[in-house]
Structure formats: structure tokens, C-alpha cells
Amino acid sequence: MTARFWLLIGVCAAIIILAIPWWLEPVDNQIALPAVTGDAIYVRTNKGRRILIDTGNDAPHLLEFIGHYTPFWQKNIVDDVILTQTGASWQGGLAAVLARGVTNQLIWLPSTHHLAAQVCATSITPCALAHVGQRWQRDNVSFVVDSANTLWLSWPDGAIYIAQGSTTTQLNSITHSSPCHVDFCMMIYPWRITPPWKLQRMIRPNGIIYSTGQIQEPPARLSMADRRIGHEWLLHEQLDGDLFIQMGNPSRITHIAPEE
């Protein structure tokens, strides 16, 4: 009886161990825009590295979202945090994320440098002040600081231009930016209005994801009256669930609608 019991335990343990890579596979190699208040982008590289770009100000929902995709054996909640904008949009989320643990570092884009000293003085997470033109690599994902508060994120089969904390004035001040060189290229933009045409001509995105919950493919000059589901999908900011960008070949956008 005892031998059979331990044999059953061993078989169950082997099944669980063999199932772990399969369980994690859909989580890696994707970018998620969780439906939280404020701006937050959760990136999982092809090797499981976790990068959080901005943290929103809805700590409970953000932690719940990330926790859903974090295995129990990972001590810290993310590996890197990148802040692209001033503090109003991430004060609530950042404190909660730092309390749960950040493995590597907290990276500040130039527009946030004046806020770094206060946060970094009380945080055990190492801080790094990024500068315009700086680039770094995390597995299959590369990052380039394009302006004081905009960021290129790219992978072999796609790219996104993150401008979720930028005002129209700040975007109009960008005088040069590299155009997209991949078929899948999206711009993440904070407002309902169409982004500045000068910036669009420089970047040449084939779609825009609005932080307000709208995705528009391809970018077009729409009146406010035209901004409805018939022209754009509502996918973000507590409107119609979480938005996911699968970084495969080809890259694609999916979403999970909220439970009724």
C-alpha cells in the first residue's frame, strides 16, 4: 500500500514537472496592456524576462493581473520597471510593485529624472537614469529612448512606439524619429484625438492603440462622432478587457473580454 502510494505521488509530480513548460509557454513572448486605471504595459520576453513599463495608479488590479501570470516560485514580481511619464499616472502602482520586489532595476526616462531622487532614496531597487538615444536589450526585445518620454520597443517581427504619457505639445517637439521597418508596427497613444501628423509621418505606424481603450487600424483622421465600435475596437482601460500583443511570427493583437 505504501509503495503504491509513493508511486502515485511520483507519477503526479512527474506530470506536473513536465506540464510546467507547457503552462508557461503562452505567457512568454507577449506584451499585455492590462485594463487598469492609468497606463501600464507588461512585457514578457521569449525567455520569460518580465518588464513593466509604467505602473498605473490602480495597484490592486495591477498586482492581480501580474500575479495571474507569475509562477509561485518567482520571488519578485517583475525584473525591470521603466517609467516614461510624470508621477500622477504611476504613484499608486509603483509603490506596490516595489514592495513586492523588482529583481534588476528601475529605469527613468528623461522626463522623470526630477522625480527619481525622492523615490530612489527610499527604495532598495537600483535606479538608472536613461537618456535620449540610449538602447538596451532584454532577450529578444530591444528598447530605444526616442525622446524625453517616448520609447521604441521592438522584437524581430514587430515594434511598438510608446507615447502613452505624452502631451500633444511634447510630441510636436520631436524633430526626428526612425520609421518602422517591420510589417507589424503599432503606436500607443494617450488621447482620443489623432496623434500629430508630423510624428505619424516620421514613424509610419500601421495602427494606433489609444490608452483610452481604442485601437485604430490603419490610422485615420476620424471625427469624435466617428469614434465608435464600428470604426475602432474598444479593448483597454476597463472598457472591454485586457489587450495582448503576441510577439510571434506573424505578430498579432488579441484581447480577453471581461467576465459578465
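The values are calculated or read from the model by the stated rules, or taken from the named source; none is laboratory data. A quick note: this is a predicted structure, and the numbers were derived from the prediction, not measured. Ideal geometry is used to build each Cβ from the backbone, glycine not excepted, and the neighbour counts take in all protein chains shown.
Listed here are the residues, each with its yes/no results for (1) within 17 Å of Arg50 (Cα to Cα); (2) among the charged types (D, E, K, R); (3) touching a strand residue (DSSP E or B) at 6+ places or on another chain (Cβ under 8 Å).
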| residue | (1), (2), (3) |
| --- | --- |
| Ala116 | no, no, yes |
| Thr122 | no, no, no |
| Arg138 | yes, yes, yes |
| Asp146 | no, yes, yes |
| Thr150 | no, no, yes |
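Return only the number of the condition from (1) surrounded by 14 or more Cβ atoms within 10 Å (Cβ to Cβ); (2) within 20 Å of the chain's Cα centre (by Cα); (3) within 17 Å of Met202 (Cα to Cα) that Ser177 does not satisfy. All conditions are met except number (2).
Is it true that Cys127 is surrounded by 14 or more Cβ atoms within 10 Å (Cβ to Cβ) and touching a Cys at 6+ places or on another chain (Cβ under 9 Å)? Yes; evaluated as a whole, the condition is true for this residue.
Among the residues of the stretch 139-170, those that are hydrophobic (A, V, I, L, M, F, W, C), under 20 Å from His114 (Cα atoms), crowded, with 21+ Cβ neighbours inside 10 Å and out of contact with any Gly (no Cβ under 8 Å at 6 or more places or on another chain) comprise Leu151, Ala163.
Per-residue answers, yes or no, for (1) in a helix (DSSP H, G or I); (2) of a type outside the set (S, T, N, Q); (3) touching a strand residue (DSSP E or B) at 6+ places or on another chain (Cβ under 6 Å); (4) without any contact (Cβ under 8 Å) to a residue 24 or more places away in the chain:
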{"site": "Gly38", "(1), (2), (3), (4)": "no, yes, no, no"}
{"site": "Asp54", "(1), (2), (3), (4)": "no, yes, yes, no"}
{"site": "Asn57", "(1), (2), (3), (4)": "no, no, no, no"}
{"site": "His61", "(1), (2), (3), (4)": "yes, yes, no, no"}
{"site": "Gly67", "(1), (2), (3), (4)": "yes, yes, no, yes"}
{"site": "Thr103", "(1), (2), (3), (4)": "no, no, yes, no"}
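So that you can scan it fast, the table gives a plain yes or no per residue for (1) surrounded by 16 or more Cβ atoms within 10 Å (Cβ to Cβ); (2) among the basic types (Lys, Arg); (3) under 17 Å from the mean Cα position of the chain (by Cα); (4) not in a loop (DSSP other than H, G, I, E, B):
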residue	(1), (2), (3), (4)
Lys47	no, yes, yes, no
Val81	yes, no, yes, yes
Leu94	yes, no, yes, yes
Ser111	yes, no, no, yes
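The selection criterion, being at pLDDT below 50 and either surrounded by 15 or more Cβ atoms within 10 Å (Cβ to Cβ) or among the acidic types (Asp, Glu) (or both), holds for Pro219. Looking across the stretch 230-256, the residues that are in a loop (DSSP other than H, G, I, E, B), over 16 Å from Val43 (Cβ atoms) and at pLDDT 65 or above come down to Gly241, Asn249, Pro250. Taking into account only those residues within the stretch 196-211 that are among the hydrophobic types (A, V, I, L, M, F, W, C) and free of Cβ contacts under 8 Å to residues at least 24 places away in the same chain, which is nearest to Thr167 (Cα to Cα)? Applying the filter and picking the extreme gives Trp197.
Would the stretch 110-126 turn up any residue that is in contact (Cβ under 8 Å) with a residue 60 or more places away in the chain and polar (S, T, N, Q)? No, because not a single residue in the stretch 110-126 is in contact (Cβ under 8 Å) with a residue 60 or more places away in the chain and polar (S, T, N, Q). When Leu171, Leu151 are screened for being at pLDDT below 90 and aliphatic (A, V, I, L, M), only Leu171 passes. What about Gln74, is it in a loop (DSSP other than H, G, I, E, B), at pLDDT below 90 and either within 22 Å of Phe143 (Cα to Cα) or touching a strand residue (DSSP E or B) at 6+ places or on another chain (Cβ under 6 Å) (or both)? Taking the combined requirement at face value, the residue does not satisfy it.
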